[in-house]
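Engineer: I'd like to ask you about the structure that follows.
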Amino acid sequence: MTKPFLSIIIPYYNAAGTIGGLLTSIARSKHAPPYEVIVVDDGSKDKYEIRNTKYEIPLKLIRLKRNMGPAVARNRGVRAARGKFIVFLDSDVEVFPDTLSQIAKIYTDDPDIVALTGVWVKNQRSRAFFPNFKALRDWSYWINERDKSGYYFLFSTRIASIKRSVFMRLGGFDETYPAPLVEDIELTYRIARRYAIIFAPSVRVRHEFEDFWPIAKKYFLRAFYWTRLYRRRKRFDPVATTWSEAVTTISAVATLFFGLVSLFAAVGIPSISNITYQISNSIWVKLFIGSLLLHIFLIRKFLAFLVREKGFIFAVKGFFTGLILYCFIFAGAAAGRIAP
């Protein structure tokens, strides 16, 4: 049996609606190097059947007796892997025909590279506003706004790859995280102590985003757990939150707060207007305008990108949607700061 060059690890938990599309897309890969696919069923309750013959790919299934989280599932998959390089994919993405060949080309062209992260494309099958907004938000972050001089990038397990020997030497993902929270960020920090994680825009996957509330909850939890990491590291970084992004979050919350205070004062809500009536025009409104202008300046690249992609009305909706999401991030960070 030919030893695989790539071992594709897919943690699977109640993903019957998406895992089939991913495996089919892998089977349609063109010019791919020798590979194996290891699906780790993380205690799923759905009854989706995964068979080698159905997809005609070299596939191995590992079943965990109970749900233990993606960190555990990925580590178990890597232990069973035979490939020189590991490719991590989430169960809700689909690869492009050239995704695997592009990964192999990067490693072959430059043997010094040990880790890379790809990108999920901006197109959505859904026409709903929020999935398209989220896809454009992520695309803009990776393509338009990223620090092009950065030494390392987020090892995003939606599509990322690493040399197996390096992964094993680092001890894999931190299994104390029971859900998809910040285990990828924490591993990124450990990789980056010794190695660069390159950004490879030619390594693409398709991902269909959820609606507002599931994403808002993830933003809150991710900010909560990242803040706890920050309490240990005491510094910002280009991976999760830069200093500029922290200021952007604060400016968004300030814009909403000062805007609401100014509005309440203007319409005469007694509990607020009695206190602020005399100074609303001179202080609250100025604070609102100042924080609004600062926030617009900080997200100007993203707003311009939204206008180019979807038009002015979409960009206006995106602006207000972003303000609300920043509030979830701020709340998660605040909770992480005060949590024991």
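The values are calculated or read from the model by the stated rules, or taken from the named source; none is laboratory data. Quick caveat, the model's predicted, so the values are computed rather than measured. Reconstructed Cβ throughout: ideal geometry from the backbone, glycine too, with neighbour counts over all protein chains shown.
Engineer: Residues in the range 203-214: is at least one aliphatic (A, V, I, L, M), closer than 23 Å to residue 146 by Cβ and touching a strand residue (DSSP E or B) at 6+ places or on another chain (Cβ under 9 Å)?
Structural biologist: The answer is yes; a qualifying residue exists.
Engineer: I'm trying to understand the selection: among the residues of the range 1-16, which are in a loop (DSSP other than H, G, I, E, B) and in contact (Cβ under 8 Å) with a residue 60 or more places away in the chain?
Structural biologist: Across the range 1-16, the qualifying residues are 3, 4, 5, 13, 15.
For every residue, the table says whether it meets (1) aromatic (Phe, Trp, Tyr); (2) within 18 Å of the chain's Cα centre (by Cα).
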site: 101; (1), (2): no, no
site: 126; (1), (2): no, no
site: 132; (1), (2): no, yes
site: 152; (1), (2): yes, yes
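Engineer: When you scan the range 123-224 for helices (runs of 4 or more DSSP H) that lie fully inside it, which ones turn up with 3 or more residues that are among the acidic types (Asp, Glu) and crowded, with 19+ Cβ neighbours inside 10 Å?
Structural biologist: 183-192
Engineer: Across the range 270-294, what is the total count of residues that are among the aliphatic types (A, V, I, L, M) and modelled with pLDDT under 55?
Structural biologist: Final tally of qualifying residues: 3.
Engineer: Do we find a residue being modelled with pLDDT of 95 or more, within 17 Å of residue 102 (Cβ to Cβ) and among the polar types (S, T, N, Q) anywhere in the range 185-203?
Structural biologist: Yes, the conditions are met somewhere in the range 185-203.
Engineer: Consider residue 57 carefully, then state whether it is in a loop (DSSP other than H, G, I, E, B) and β-branched (Val, Ile, Thr).
Structural biologist: Here the answer is yes, as residue 57 does meet what is asked.
Engineer: Here is a further query. Answer yes or no as to whether residue 93 is touching a residue at least 24 places away in the same chain (Cβ under 8 Å) and either in the same structural domain as residue 301 (by TED's automatic domain parsing) or closer than 27 Å to residue 317 by Cα (or both).
Structural biologist: yes
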